[in-house]
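The values are calculated or read from the model by the stated rules, or taken from the named source; none is laboratory data. Just so it is clear, the structure is predicted and the values come from calculations on it, not from any experiment. Areas reflect the complete protein model, heavy atoms only, side chains present, ligands, DNA and RNA absent. Shrake-Rupley method; radii C 1.70, N 1.55, O 1.52, S 1.80 Å.
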Amino acid sequence: MKRKCIIVSALLALFVSQTWAITPREEMVQTIEKAGGNYYAYPRPNGKMTPAPKGYEPFYISHYGRHGSRYMIDEKEANEACATLRKANDEGKLTDTGKATIVKLEQVVKTMQGRGGDLTKLGLKQHRDIAYRMFNNYPEIFKGEKTIDAKSTFVPRSILSMGSFCQTLKGLNNQLEIETDASGHDTYFLCQDRVKNPDRPKEEGEWYQKFLDYGAKKRNPERLMSTLLTDPHFLDQEAARKLSVQLFNVACALQNIPKVNCELLSIFSQDELWNYWQAQNAFWYVFCGGYTTPHKRARELSIDLLNDIITQADSAIANKQVSGHFRFGHDTGLLPLVVLMKINSPYEQVNDMDELYKTWVDFRAIPTAANVQFVFYKSKKSNDVLVKVLLNEEEATLPIKAIEGPYYRWNDLKEYCKSL
């Protein structure tokens, strides 16, 4: 048995190393949409699952899911970019590429009107698909008359994501008793960021300014402007950079809005996509406080969520009727948890922002509909409860000893979580 455990662990380690054998930039070349970072539309998981240790069966699942694909939070960026290019067009300053771009932007602006932050049909589908795969991967958990508790933040896109997910499970087994709730009462653990600092990081001070300076350095608009404008002096440097960032953000968001049948990522060069993504990726580093006492800010933002996961899991282990706790929120709720627990990465402090991509890669952790799943197993022949962690439906690693493959003793994992 020991030899088997060693072999399985080695194979898992090999698989994980091969999964990330290519660099983020190489991934971006293969899949241009990954430049979107947290706008990257949820990818289909590879479906590979390591068999549970002999005699163990799944009985409970604890989950946190980001809402699915959405429209841009604010229509302002698309509107302002469109207005800038309209003015250039009126003055005869647009190239053919610029004219083609404004046609696309007009379509985006029309489609987005009044839709800021709304869940798209793709977002609904993502959660239906995740629920369907979960049900089929772990049928034992959802068999018979079981109780499921689901909670969402009070934001409509999260509520609708929860609804799509839970309706799918109910459709697969109408005997499930699913209790849903969406209230400000639970925001403190579902998304502490919305309680602590809804306007995004302000307390970073000097480090936040360094992030802004880094973004200005990485986002060079010169080449892009030359492809859009016939007059290099039509916009000053700051206005050109602002337009380029607006266009980049709109371009990244379009993959989440299937009804807008156009794309804009191709107006950027590979170097620009890489550099603009690096600036965006740096935001998440600052947001989660990677520069502070190891994971201090990530802990502040996610410790209540982690405590809820522990408390509810212990309760479900004692109550055989409860088969799942499902939570629906946001990237700003999910990423701090991933960072605090060091899921798949040490998320180390980085001094050189240009090296940040080696340990912080936002599109691997928080695409739209991103999720963390804790799947619990038990055996009639052992008192040990086992758990494996999935990040975006892929088996994940933690910096503690597994008993076999991706499977950890719940008591070990719980002690690790309490030490964070």
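Considering only beta bridges that DSSP places wholly inside the chain, some 55 percent are antiparallel. With distances taken between every two different alpha-carbon atoms, the range 332-399 has a Kirkwood hydrodynamic radius of 13.6 Å. Rolling a 1.4 Å probe across the protein heavy atoms gives the chain an accessible surface of 45 Å² per residue. Against the main long axis of the alpha-carbon atoms of the chain, helix 410-419 sits at an angle near 50°. According to the calculation over all Cα-Cα pairs in the range 221-331, the P(r) per 10 Å bin from zero is 11, 25, 23, 20, 13, 6, 2, 0 %.
Here, the chain has an Rg and a Dmax of 22.6, 79 Å when only alpha carbons are counted. Within the accessible surface of the range 36-113, defined with a 1.4 Å probe on protein heavy atoms only, the carbon and sulfur portion equals 48 percent. For the chain, the relative contact order works out to 29 percent when only alpha carbon pairs closer than 8 Å and six or more residues apart are counted. Helix 156-172 axis versus longest C-alpha principal axis of the chain: approximately 40°, rounded to the nearest ten. Between rounded, prolate and oblate, where does the range 95-216 land on the alpha carbon gyration tensor, with a ≥ b ≥ c its root eigenvalues, rounded for a/c under 1.5, else prolate if a/b exceeds b/c? Oblate, because a/c is 1.5 or more while a/b does not exceed b/c. Taken one residue at a time, the phi angles of the range 272-279 give Karplus couplings (6.51, -1.76, 1.60, θ = phi - 60°) of 5, 4, 5, 5, 5, 5, 4, 5 Hz. Gly and Pro are set to x.
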